[in-house]
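A short write-up of the structure that comes next.
The values are calculated or read from the model by the stated rules, or taken from the named source; none is laboratory data. Just so we're clear, the structure is a prediction, and the values are computed from it rather than from any experiment. All Cβ positions, glycine included, derive from the backbone under ideal geometry; neighbour counts span all protein chains shown.
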Amino acid sequence: MPDAYWDNPELEGLYSRIAREFEIGRRLSVVNQKLDYAHEVVKVRNEQLSGESLAYTLAYACTHEQVHTLTNGQTDTRLSEVGIL
């Protein structure tokens, strides 16, 4: 119930009737379900983007190392030390 109705108790009955008439409780429930669903979609997409970002970073590091090896004939020990190459 909105704060304005706490200040004016005589409006509480009016609010209750309007809420029933317009099915406010049911509508709020539906909106909350949709917001929960949207939150889950955003959460999953963020996880996908994080995974894609990591995959692109690793692909770049490996490609860079291969190009470096082909042009200089030696391996970058930093990537070898962490087990990437």
Here the residues within the stretch 67-85 that are at pLDDT 75 or above and either touching a Cys at 6+ places or on another chain (Cβ under 6 Å) or surrounded by 12 or more Cβ atoms within 10 Å (Cβ to Cβ) (or both) are none
Return the only residue of E12, E47, E52 being surrounded by 10 or more Cβ atoms within 10 Å (Cβ to Cβ), part of a helix (DSSP H, G or I), at pLDDT below 80 and of a type in the set (D, E).
-> E52
